[in-house]
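First the structure, in the form of structure tokens, and then the observations on it.
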Amino acid sequence: MSGVQVGKRIIGADAPVTVGWENIGRVEGGPFKQFFFTYFQPAVLFGLIAFWYYAPNEWALASIGIAIGLGFKVLLLGLEWVNPRYRSWQLTWKEFATDVFYVGMGYTLVRMMGTYLGDDVMIEAVRNAFDWDKFSWFTGLPLLVQAIAISMIFDFGQYWMHRGMHNWYPLWLTHAPHHYITQLNINKGAVGNPIELFLIGLGVGGFFDFLPRAFLLAGAIGMAVATYQHINVRFNTPRWWRYIFNTVEHHSVHHSQDYEATRSNYSGTWIIWDRIFGTCVDGEAELLGMEGGRRMDIRETMVFPFTEGYNTFRTWLRRRLQLPEAAPHQPEPAE
């Protein structure tokens with residue numbers, strides 16, 4: 001397999017990857033279906049922004065945001081059955097039950113880790129370390145500008161954390177299980193080792209949690225964009241949207257079985273970070289996963305960073321301590 005050159009890399013040499021938006025499939029059906037799946041993503045984004053912008057203060061709560069997020073996921077789950085991107089990604093009961101486990105872990109264990117070790121601790125430390133009156137210029141900006149800035153700052157942190165996970169072995173050990181998923185659907189973003197899910201949630205954008213309305217708006221932007229990354233729905237994504245935001249097409253390339261393709265499209269929301277730093281690949285892939293599409297079970301996902309790290313260290317130590325091999329015995333020449 002020859003692959004396609006993108007910048008200095010060859011994409012698709014190990015497994016099929018469609019490169020270029022002109023080669024991506026489009027929604028089939030009548031004018032209403034075409035219209036719906038072309039403008040659904042922008043309509044949801046603008047609708048959520050309008051809701052949080054004009055909602056009464058008593059509604060500006062994280063619990064309301066979580067409830068909206070859950071309802072949004074149920075809606076998208078229905079769309080996966082109406083207009084799937086790939087039949088090979090169709091959700092089965094086994095996959096659904098596994099996903100529910102990871103979603104539950106995200107709302108319990110991972111959230112507790114964040115409370116005692118993650119963003120909440122850092123936010124409190126930052127609050128106590130700085131004189132926030134000096135940042136009054138920021139809170140004086142228009143609310144939407146604040147929200148976009150928070151979203152981009154947070155995503156900038158996620159971009160480098162995610163990129164680090166693919167380029168530094170200790171971090172890769174935590175992230176690798178997430179790349180053993182063999183299909184994309186609405187809850188696959190929650191699949192992974194809890195350490196990785198905790199780390200990927202860290203971002204300097206969390207320091208702006210003292211701005212509840214702006215922070216909720218930023219969260220709405222993230223939800224209305226990043227949720228689509230792991231989804232089995234075929235969209236006619238508008239050109240401007242795919243240039244600015246990360247899409248399921250971009251993220252399917254990142255989850256491809258092709259090695260070079262996985263080292264691309266690291267951002268969570270704003271694909272422009274990948275464009276700026278030269279890691280963007282426009283296209284899509286159907287064959288996902290590692291080791292030819294091997295599916296990792298829950299038990300292995302939980303222990304993989306430790307078992308694989310131990311095996312790697314043991315191999316390194318053996319090579320480090322190994323004595324030079326003795327020269328082979330040469331028989332005495334006959335007289």
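Might you check whether a residue that is aromatic (Phe, Trp, Tyr) and under 20 Å from residue 144 (Cβ atoms) occurs anywhere in region 25-44? No.
Note on region 56-70: among residues that are outside any helix (DSSP H, G or I) and exposed (fewer than 15 other Cβ atoms within 10 Å of the Cβ), the one that is modelled with the highest pLDDT is 56.
In region 281-297, the qualifying residues are those that are hydrophobic (A, V, I, L, M, F, W, C) and either more than 19 Å from the chain's Cα centre (by Cα) or part of a loop (DSSP other than H, G, I, E, B) (or both), and the one that is farthest from residue 255 (Cα to Cα) is 296.
Cβ separations smaller than 7 Å between residues 6+ apart or across chains give the following pairs from region 159-174 residues that are under 21 Å from residue 312 (Cβ atoms) and among the small types (Gly, Ala, Ser) to residues that are modelled with pLDDT under 95 and crowded, with 17+ Cβ neighbours inside 10 Å: 164/171.
When each of 41, 5, 34 is tested for being in a helix (DSSP H, G or I), closer than 23 Å to residue 274 by Cβ and not β-branched (Val, Ile, Thr), the lone residue that passes is 41. Each residue in region 250-286 was checked for being farther than 14 Å from residue 6 by Cβ and surrounded by 18 or more Cβ atoms within 10 Å (Cβ to Cβ), and 12 of them qualify. Looking across region 217-237, the residues that are farther than 17 Å from residue 280 by Cβ and at pLDDT 90 or above come down to 221, 230, 231, 232, 233, 234, 235, 236. Residues of region 154-176 that are within 20 Å of residue 104 (Cβ to Cβ) and buried (at least 24 other Cβ atoms within 10 Å of the Cβ): none at all. Within region 28-48, not a single residue is touching a strand residue (DSSP E or B) at 6+ places or on another chain (Cβ under 7 Å), surrounded by 15 or more Cβ atoms within 10 Å (Cβ to Cβ), at pLDDT below 95 and under 30 Å from residue 220 (Cβ atoms). Here is the figure for region 139-171: residues that are over 28 Å from residue 72 (Cα atoms) and either β-branched (Val, Ile, Thr) or touching a helix residue (DSSP H, G or I) at 6+ places or on another chain (Cβ under 6 Å) (or both) total 4. The single condition from (1) of a type outside the set (Val, Ile, Thr); (2) modelled with pLDDT under 90; (3) in contact with a strand residue (DSSP E or B) (Cβ under 9 Å, 6 or more places away or on another chain) that residue 320 fails is (3).
The values are calculated or read from the model by the stated rules, or taken from the named source; none is laboratory data. Bear in mind that the values here come from a model prediction, so they are computed numbers and not experimental data. Cβ sites come from the backbone with ideal geometry, for glycine too, and all protein chains shown count toward neighbours.
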